[in-house]
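Here is the structure we will look at.
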Amino acid sequence: MTTTDKRATLLRILTTALAVCFYTTMMAQDGSTPTKKVTHTEMLAIGSADLLDTYLSPEKYKGSEMRYISHTIRDIPGDRWQQQIIHQGSIAMADDRAEDGNLMGGLYTLDYALQRPLHPGDGQWELRVGGMANFNLGVLYNSRNQNNPAQLKLSMQLGPAAAVTRAFHLFGKEWRARYEVELPLLGLMFCPNYGQSYYEIFTRGDYDHNAVVTTPFNAPSMRHALTIDFPLWKVTWRVGYLGDYQQAEVNNLKQHAYTHALLLGWVKKFKVTRTRK
């Protein structure tokens, strides 16, 4: 296979991964599928960021991160499956130990999951399990580098997802606790090889194992969140904790992005009736 063929194969793989993610999201919102109950949450996550990318620097960078999260859950009438769609946009800024270099990052993540009840629930608590797919697109920029100042972040992952909810009463009002977790098992990511420049990849077309299959052996990762919903001033508010641990060791390069953040947001529940066309 020539370098041109390899490059074309890489682009087809990444384009297909992108298309699958957005296709599933569009199908979830298609008017031909009636939606009975929707729980939509807008959240802001503020916390710490621990970043490493040895393509840019052998140093670890620590700083802060701000993340916007749009979290939607849809129940399908006549079906036990529940759709979960999460859009996330984050910005991180971190310094090295000497505080003479900066690492800045921006990332967009799309998560789509289908879950069904493992335990039917008794009106107070419910356990749901299923599968998820997520797509990540972003960039890291190192202010100290001249030749390779930036690193592209492009990946797709598949794996199990679960969520447990518990309703309880406090101060005469109904509160709701929720814990959700995602564990990627199989994925595909873009990564330069050690010592390879972006000029070689995209200008000269020198493919060097830049589309890498990821598993828990070379990219053990997890995202989980614990939240509590409570009513106040005629609004349902959400507070909680977000832990996002993404890491990989591929092509003789190491990278990780660890986030610990406080979640603050509001919840809106409504019903939508759509007729099939």
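The values are calculated or read from the model by the stated rules, or taken from the named source; none is laboratory data. Please read all numbers here as calculations on a predicted model, not as lab measurements. Heads up, the Cβs are rebuilt from the backbone with ideal geometry, glycines too, and the neighbour counts pull from every protein chain shown. For the accessible areas, the whole protein counts, side chains as well, though only heavy atoms, and no ligand, DNA or RNA atoms are used. Shrake-Rupley method; radii C 1.70, N 1.55, O 1.52, S 1.80 Å.
Read through the list (1) over 22 Å from residue 82 (Cα atoms); (2) touching a Ser or Thr at 6+ places or on another chain (Cβ under 7 Å); (3) assigned to a loop (DSSP other than H, G, I, E, B); (4) not charged (D, E, K, R), then give the number of the only condition that residue 184 fails.
(1)
Checking the conditions here, which among 46, 76 is among the β-branched types (Val, Ile, Thr), more than 30 Å from residue 103 (Cα to Cα) and either exposed (fewer than 14 other Cβ atoms within 10 Å of the Cβ) or modelled with pLDDT under 75 (or both)?
Just a single option satisfies the conditions, and that option is 76.
Name the residues in region 213-232 that are β-branched (Val, Ile, Thr) and surrounded by fewer than 18 Cβ atoms within 10 Å (Cβ to Cβ), would you?
Answer for region 213-232, where residues must be β-branched (Val, Ile, Thr) and surrounded by fewer than 18 Cβ atoms within 10 Å (Cβ to Cβ): 213, 215, 228.
Just to be sure before I move on: is residue 207 farther than 26 Å from residue 128 by Cα and surrounded by 16 or more Cβ atoms within 10 Å (Cβ to Cβ) in the structure I sent?
yes
Would you mention how many residues in region 49-61 are of a type in the set (D, E, K, R) and either open to solvent by less than 20 Å² (accessible area, probe 1.4 Å) or at pLDDT 95 or above (or both)?
Of the residues in that region, 2 qualify.
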